[in-house]
1. So the label point goes 7 Å from the Cα of Asn453 along Cα→C-beta, right? Which residues of the range 39-83 then have their backbone N under 19 Å from it?
2. Please report Ile682, Ile713 as a ranked list, fewest other C-beta atoms within 10 angstrom at the top and most at the bottom.
3. What's the FRET efficiency of Asn412 with Tyr626 using the Cβ-Cβ distance as r and R₀ = 56 Å, to the nearest 0.05?
4. From the phi of every residue in the range 55-60, what ³J(HN,Hα) in whole Hz does the Karplus formula 6.51 cos²θ - 1.76 cosθ + 1.60 yield, where θ is phi - 60° and glycine or proline is x?
5. Could you work out the local net charge near Arg456, counting Lys and Arg as +1, Asp and Glu as -1, over the other residues with Cβ closer than 11 Å to its Cβ?
6. In whole angstrom, note down how far apart the Cα centers of the range 660-700 and the range 151-176 are.
7. Can you give the extra length, in nm with one decimal, that the chain gains between Cys683 and Asn68 once fully stretched, where that is 0.36 nm per residue apart less the Cα-Cα distance?
8. How would Phe615, Phe173 line up from fewest to most surrounding beta-carbon atoms within 10 angstrom?
Amino acid sequence: MLNFLISKISIPNGINRRKIRDFFGEIYLSIKERMNGNQQFSFYLFNEILQLPLFCTEKIFEAISNTNNITKTQFCDLLISLFFGNENDLICLLFSILDFNRDNKINIDDTKLFFIHLHSSKLNSKSENILYEIIDNFFDNIYELDFDFFSNKCQKNCDLIILLKYIVHLNRFFSFSQIEYFQERILINRAIIINTINSPQNEFNFQNKITQKLLNYISLEILENKKNKNEVIKEENDYDILKELDDFENDIIYIMDILDKEKIISCTSNKRNEEENQKVNYLSISTENPNEKLGVKKLNTQINENFQYKVRKLFTNTKMELKLNDKEHKRAYTFHTAQFTVKNIIKKDILLNNPNEFEFLKNDCISKVRLIIIKNVIFVFELKEGFENFSYSHLIFLNSTFLEIKINQIINRQNYHSINLISTFQNFRYSIEYYTEDLNVINYFKRVFYQENIYRDIKKEYCLTKNEIGKGKFGLCFICTKFVKDIKKSFCVKTINKFKNGINEEDYKIMMWEKSIFNFLKKFPNLNIVKSYDMFEDSQNIYFIYEYIKGCDLKSYYMKYNEKNEKIKSNTLINLSSQIIKCINFLHSYGIIHRDIKHTNILINEKNTIKIIDFGLSRVLGKNEYTINPYGSLCFKAPEIILERPYNFKVDIWSVGVTLYFLLYGNIPFNQNNSTKLKEQICNEKIKLDNNFDDIKLELFVNIIDECLRKNIDMRPSCDDIIKKYLSNIQK
């Protein structure tokens, strides 16, 4: 498995680092150009490219830049180190990533937090535990490591490096076919065969450094993926494969894999003259070549679903027979070679069939352009005046790019159809329109575009109503419905307009964090957090689909009692408060700071179960990290936020204290109408608490409020402290 992973991230033969650097630089420039060069290339923009959890992108970004901007050189250097760096490069990069506090030390808590978010899309309860065990074993009962200690450990155990490369490679935003096309300017489609040579001189030598726990962790993901796809599983064989893949001495190994944003599926055989028949998207064959000093030779091919491959093993170390059967075009190819020189033959016979090439007119409906789609990149060629051939102009990176189509437009007394490519980077919107008279070209472009860019229309999956149930700074919340197993169910859709008047770059960052935390909580649900179901995005809006909660917020809940001249019963009060504190503790355990806890952001359903909502101001912090953004509702803001001092998770504790105060007394502890006086009261005035209760539970509860509302952040307890000190006593 290790050799398989390393081989898949090696640079194919014929593509060198200069070509890769040029391609990455072109992506950087194309995005800057579409933003008119006015915006900084911040980590939020970098995240649009890298497509990792935002917290992880932030830490990767901070590893090379202490400002909110990276240059083209920094951009290219970082990506090359991340995807293709040697062992020493990766050790240095990973240490910088995990050094949250920039004190030349890394600790186990920050390491766990980074990797739990990095792998969040892949984790289940079993693999989460194994992931923690891998990190515990690496640190080996040591809380902090300096660089030298960390480097020495990596020389013996490379699990953390493989964990990093495993995810970033599966989520990589580019393909080698794009780079090759960018360099050679030739027409190819997605079927490409590459002769890859792994040399020990420039590749990793991790052979005996990984642990069995890492192999179990990756194999668990493989098996879970097979279960999800209802595939036949032979668990014993799969685990045997993982053990055997380290030994390349006398074996020829067949690896059938599905890689591009799919899980890895592997199989191996050590028997002579055994035939393997598989229908797969990729075929990879490996053999040791003792006649050359280049290590393992590997042949990789990407193919269409219509290809059926039959590979026969000839038990020699240098010969291989490869049979390809193209049922669609009724062609068959057989290659029998000792040197794996089939690249050009395959390219000639197969690659030039049906390229994704389109010819349009520019805005003036006179100048011709040619668009060629290769995965998530469009290469744009223009026919310049006075020239006979198209020349390369630029590329369009399709992440955060949306398609709009207009039919039957009369321009200069002629009927045209158009495609409009709309890019939405940060809070900037850029569009470019291309025209054609042929509607078939439009329809085919649309089909190819949506094949390469996952796009879903919310209106095709949900019925949106006009029943408004909430309103925020950036958008509105409505009820929507959907049939689930023939039963009509209601959901809440939160709609955010990305380009609403008044939205600035800082507001856009808040939206990015909400998207990232939404995806995390979708994978890690909690009974007391509003359930995340789905997310859509188009050129104008972001749509979050949440569970629809029948009930009310805590403010309305208290008012119902007040209207009857009643108080909330102590048992109910304690139960609700316990749910709130334990839920906040759950969020903090994954590094999520809410920053807007208040009575109107906590709902209660018909079963008296609380649900925390509105993660619009949330973000992720390391255990010992601080931030300074002055977010939150004024009456619930902690003194350190008002004083514009660095703060951490303890601001949520303060907000919980204000919320609990409201549940107990029916009002908030600060009552000044003037905002300046209100800030002074929050920061300086001592809060008076009435603890004359006959009920001992309520007396303990007042003590909780008192500790939560300590103005000194260092004296304020954590949620875990409160649970251990008070809630266990209250619930007895």
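We did not get these values from a lab; they are worked out from the coordinates using the rules stated. Predicted, not measured: the structure shown is a model, and the values here were computed from it. When we count neighbours, we look across all protein chains shown, and the Cβ atoms used for this are built from the backbone with ideal geometry, even at glycine.
1. Within reach of a label on Asn453: 45-52.
2. Values: Ile682 25, Ile713 19.
Fewest-to-most ranking of Ile682, Ile713: Ile713, Ile682.
3. Result of the calculation: an efficiency of 0.40.
4. 4, 5, 4, 4, 5, 5
5. Working: positive: Lys459, Lys460; negative: Asp457, Glu461, Asp534, Glu537, Asp538.
Summing Lys/Arg as +1 and Asp/Glu as -1 gives -3.
6. First find each Cα centre; the distance between them is then 51 Å.
7. Contour length minus the Cα-Cα distance gives 218.3 nm.
8. Phe173, Phe615
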